[in-house]
Amino acid sequence: MTVSGPGSLFEVLTNLEMWQDATRIATLRIELGGTASIGTTINVAGTPQIIIDGGTLSLTDPSALPASGIIQFNSGALRFRSSQTLAAGTAFLTEFYGSPPVFGTDRGLAIDGTTTLTTSLLLDGGSLSSVRIAVDPSTGSLLLNGGTLTLTGEGAVIDDGGDFGPDPLMVGDGLGAPMLLELDGAGDVLLGAVTVAADGTLNFGGESLIVDSLDNGGSVSVADATLDVRAGLLNAGSLSLSDVVVEGGVMSPAGATIDVAGTVVFNGDYAGAAAFYGSGTVVFNGTLSFD
Amino acid sequence: MRLPALMHRLPATAVVCTLALAVLITPASGVDLTVSGEYLVDDVTNTTSQVFNVITVGRNANGTLNVFDGRLVSATGGMQLGLVSSPTAPTTVTAVTNVIGNHSRLEVSGTFLTMATNGNQPARTAIAILNVGAGGHVRIPSGRFSTS
């Protein structure tokens, strides 16, 4: 059986049984753009094959996975429709993403709930999607070297101190592999110190993005929101603001750019000779210096 | 064995054969559909949803069910791909179902089986193939797959 192409979906509401005997091997192949969604479990007899070759296998949780070796994960993604804790030694992580887990360019994981990280996870060109991510400050970390991290929930990032693993949170590593941090959920998102490297992009689509500090050497885009940078924003890259209120001081030196749409209000001090582009209105309510 | 994504349209000769089949079978809930040869549901041959009781594709002969172009086919009593029960059946029977394109749907209530070879015909094999292509959606309550 093959599921292949954009929007293709094979949906099993309860169990899927797959058999293999002397002459027959059941094979489920999930190719690019295709999704196979299994309601409860995959029961196997013998060693049938599930080949993930660019598509997505959606399950309630990892307990629904068949025994090790049944799934041939060439590329694509797993999706779990429940919150998950990713810990050192988590079986599916080790089998499909290695130990410690690395999400390379051919690997993705989507979790329709909260992801709790108690181990180190490296996003290195692949994708990770979750409603929220909670990073255990003592044992967990999330390194964003490249790929796409999408957080869809309100209060998208949570842990004890508002940190996000190692402090500061690095979006991109400056080595060239593009890294996209997409914060799409409604409501507020609280982060610690954030550094966006030259190869990093941070897009925010919620209501308030609250960060201890923001050091942007790459690209940051905020729309229809409040950007609250408590210890200040240093913009040495590209900053795109559309109908945004910026709380906190901003330094944006020459060479940097700020694209403005709608009305952008800087309530803190603003300094720097960055070039402004766009057709919107900018209001400076603090001290203004273009030096 | 998979169809290329663009193979939505079959040759005119195939369409003609399917139209002949459609005349013989009056789609309605409670009617079984057995597909030998090809049965095609697309925006040319059939413009309404097709509702059957049990759908069997490839019963003692090769069969192909094609659901294209946003059409819906339902099997309210279950579906099986590849049923070999006759001693005169070919050594290998191939049963293919393709659901491809533009929100095309196959919905099955009851059990979905592939490779339902009768035990009295051990020398014969059914090969069942289900292809869900771009835009296609197959929804089953549960399934038992013996071949792909």
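The values are calculated or read from the model by the stated rules, or taken from the named source; none is laboratory data. These numbers come from a predicted model, not from an experiment. Ideal geometry is used to build each Cβ from the backbone, glycine not excepted, and the neighbour counts take in all protein chains shown.
In the set A:L9, A:L16, only one residue is under 19 Å from B:R105 (Cβ atoms), at the interface with chain B (Cβ under 7 Å from one of its Cβ atoms) and at pLDDT below 95; that residue is A:L16. For region A:186-212: of the residues being closer than 19 Å to A:T152 by Cα and polar (S, T, N, Q), which is farthest from the chain's Cα centre (by Cα)? By that ranking, first place goes to A:S208. Pick from B:A123, B:A75: which is at pLDDT below 90 and of a type in the set (A, V, I, L, M)? Matching residue, one of B:A123, B:A75: B:A123.
So that you can scan it fast, the table gives a plain yes or no per residue for (1) part of a strand (DSSP E or B); (2) in the same structural domain as A:D124 (by TED's automatic domain parsing):
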position	(1), (2)
A:G55	yes, no
A:G69	no, no
A:S82	no, yes
A:A88	no, yes
A:G108	yes, yes
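Here A:S289 fulfils each of the conditions (1) among the small types (G, A, S); (2) surrounded by fewer than 17 Cβ atoms within 10 Å (Cβ to Cβ); (3) under 25 Å from the mean Cα position of the chain (by Cα) apart from (3).
The criterion of being of a type in the set (A, V, I, L, M) and either surrounded by fewer than 22 Cβ atoms within 10 Å (Cβ to Cβ) or under 29 Å from A:T105 (Cβ atoms) (or both) holds for A:A67. Residue count for region B:52-71 under the criterion of being out of contact with any Gly (no Cβ under 7 Å at 6 or more places or on another chain) and closer than 22 Å to B:R144 by Cα: the result is 11. Residue-level check: of (1) within 14 Å of another protein chain (Cβ to nearest Cβ); (2) assigned to a strand (DSSP E or B), A:G76 misses just (1).
Take A:A91 and decide whether it is hydrophobic (A, V, I, L, M, F, W, C) and in contact with a helix residue (DSSP H, G or I) (Cβ under 8 Å, 6 or more places away or on another chain). Considered against the rule, which asks whether it is hydrophobic (A, V, I, L, M, F, W, C) and in contact with a helix residue (DSSP H, G or I) (Cβ under 8 Å, 6 or more places away or on another chain), A:A91 comes out as yes. Whenever a residue of region B:88-114 is part of a strand (DSSP E or B), its partners that are hydroxyl-bearing (S, T, Y), lying with C-beta atoms within less than 6 angstrom and at least six residues away or across chains, give the pairs B:T92/B:T125; B:V96/B:T64; B:E107/B:S74; B:T114/B:S146; B:T114/B:T147. Across region A:30-60, the number of residues qualifying as closer than 25 Å to A:S127 by Cα, crowded, with 22+ Cβ neighbours inside 10 Å and within 8 Å of chain B (Cβ to nearest Cβ) comes to 1.
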